[in-house]
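As structure tokens, the structure follows; a few thoughts come after it.
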Amino acid sequence: MDRQQEFVLRTIEERDVRFVRLWFTDVVGSLKSVALAPAEVEGAFEEGLGFDGSSIEGLARVFESDMLAQPDPATFQILPWRGETEATSRMFCDILTPDGEPSAADPRNVLKRNLAKAADMGFTCYTHPEIEFYLLKSQQPGPDGAPVPVDEGGYFDHVPGGVAQDFRRTAVTMLESVGISVEFSHHEAGPGQNEIDLRYADALQTADNIMTFRTVIKEVALQQGTYATFMPKPFTAHPGSGMHTHFSLFEGDTNAFYEAGAEFQLSETARQFIAGILKHAPEFTAVTNQFVNSYKRLWGGGEAPSYLSWGHNNRSALVRVPLYKPGKGQSARIEYRGIDSAANPYLAYAVLLGAGLKGIEEGYQLPAAAEDDIWSLSSAERRAMGHDPLPASLHDAIRTMEDSELMPQILGEQVFEHFLRNKRAEWQDYRLQVTPYELQRNLAIL
């Protein structure tokens, strides 16, 4: 037994932890949980916990349903919202096949596999997400059928006595108590919309942190009599919720994206990484924007990027190179602005990393940076500049992903097929629905 496992077992005993929750995700990023008695934890470390994988979306087919959840002791945390008496803790799990091999269908393993490839190329990947969400008065819509936000505040607004700032203070304190460091928190542009930015960490830890973050935000909202949603676009007239993520690759202690004297201080490695993301973005948009509603955000304006472009400090671009600070070469990074806050972080970061690494491997050439506001250009101007559109709907994104050669390599055939099957079912279900818009628009006149 290693030291981390010993530390977990000792902490469980010393803190009188009564329940140990084992966490993992399905193929679309829904959190799954099973509670383990403290006496069973040592056995779970050694042998894993058996469960029926065929009952979890995308994990296993019926005829190979037996799976094992093996807790990762490095992710052990006490859950503060469960109270101090009869404490509850959690650990993330790796999903294994019955013979102890990593499951090809485990989203966490997909990301670990791509991080291992980066390591083979000499890189460590760091990520820093900016997570947006709406805080609503309740889960129930108002009289007009729209959600009801907790306030009418806007970007960076300080609302005296506001619900949102009390919420953010409690949420940040709780996040830090489970080991998640927060850089910023503020009111976003939409009414009731908030943003909390997590401090940079390696990509696997970030993905784990995002899953914990969503749970903490939901729990704090419930405790305060409100409701938090990561739905990409809950309001027609207000901005959607994104999860802009900053990426950097390090070679040892050196930032591989930095080159003094180069344009925007960007190294050739960084330029090839961006080129890989731009070339393959249409193929992975179904992963970074996986719901029907995601495309209402992408094509709904409000700073959401809809076209393949990159730029230096250009917030209309899909990939932004943040403002360079002299003497801060180690902070050189790029920001991908397409991803929304409802994405499965393990798969989303895997496809972004995999596409960027493909650009480095193949030596992709980066087109010229976009200096204009891309939203203000005409369609003809965008076409002439090579700013092709992202998929306009989940259906388009599925079709583009189906034709990709790279996505099955990054995700693995099993996750690729299960993910597409889930998304096809969602699109089929959606396109059969008669919506309120159609009834309001057509019922009285047709």
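Structure summary
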quantity	calculated
Rough spin-label spacing in nm, given labels placed 7 Å along Cα→Cβ, for Glu362 and Phe184	3.4 nm
Total formal charge among the other residues, if their Cβ is under 10 angstrom from that of Arg271, Lys/Arg +1 and Asp/Glu -1	-3
Calculated on alpha-carbon atoms, Rg and Dmax of the range 332-446 in Å	18.4, 58
Calculated [θ] (222 nm, deg cm²/dmol) that DSSP helices of n ≥ 4 give over the chain, each run adding -39,500 (n - 2.57)	-11000 deg cm²/dmol
Value of relative contact order over the range 113-439, rounded to a whole percent, pairs C-alpha under 8 Å and six or more apart	19 percent
In nm, spacing of pseudo-spin labels at Asp66 and Glu402 (7 Å Cα→C-beta vector)	3.6 nm
Percent breakdown of C-alpha pair distances by 10 Å bin, ordered from the shortest bin, for the chain	4, 20, 30, 28, 15, 3, 0, 0
Simple label model, 7 Å out from Cα along Cβ direction - Ala146 to Val34, nm	4.5 nm
10 °C / 1.306 mPa s Stokes-Einstein diffusion coefficient of the range 3-101, Kirkwood radius on C-alpha pairs, µm²/s	114 µm²/s
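Computed from the coordinates by the stated procedures, all read-outs in this text should not be read as laboratory data. Note that the structure is predicted; figures quoted are calculated from it, not measured. Note that we place each Cβ from the backbone using ideal geometry, even for glycine, and neighbour counts take in every protein chain shown.
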